[in-house]
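One structure is given here, and the rest of the page talks about it.
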Amino acid sequence: MPSPLAGVEPLDVTWDASGSTDSDGTIVQYDWDMDNDSVYEILNGGPTQPANYATFGTYTVGVRVTDDDGATDETTASVDVQSPPTAILTPSESGGFTPFDVTGMRAPVR
């Protein structure tokens, strides 16, 4: 599960598989597919992995857990990285004499 689940770029995320369980033993290995291409780039990387996403998009990461009997299971989760808003400020008038009122300003510009 990613933490946070979503946010604005750039976004630091911690992927956490520590909730994985084994009914008859223990989880002994966590392998991570950080780009969801079915190739586990990080072998035996522990229950959490950090990541940073610099651009907006949906990113999916996979984890494969192995128990003390050698059995495995895998799952994926996604995080939604959003673009920040774009602020645009334009005056309602392009010029004039003082005092000059501009819409949206709290006081006349002098």
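No lab work stands behind these numbers, since they all come straight from the coordinates. Predicted model, so just to flag it, every value in this text is computed and none were measured. Every residue, glycine as well, gets a Cβ built from its backbone with ideal geometry; the counts of neighbours run over all protein chains shown.
Could the peptides 31-42, 82-93 be put in order, highest first, of the mean number of other beta-carbon atoms found within 10 Å of their residues?
Ranked from most to least packed, the peptides come out as 31-42, 82-93.
Nearest 0.05, what FRET efficiency do SER3 and ASP69 give at R0 = 35 Å with Cβ-Cβ as r?
So the FRET efficiency works out to roughly 0.75.
Name the long-range amide H neighbours of GLN29: under 5 Å, sequence gap of 5 or more, or other chain; modelled H, no Pro or chain starts.
Long-range HN contacts for GLN29: THR66.
Given R₀ = 35 Å, FRET efficiency for SER38-THR86 by Cβ-Cβ distance, to 0.05?
The formula returns an efficiency of 0.45 here.
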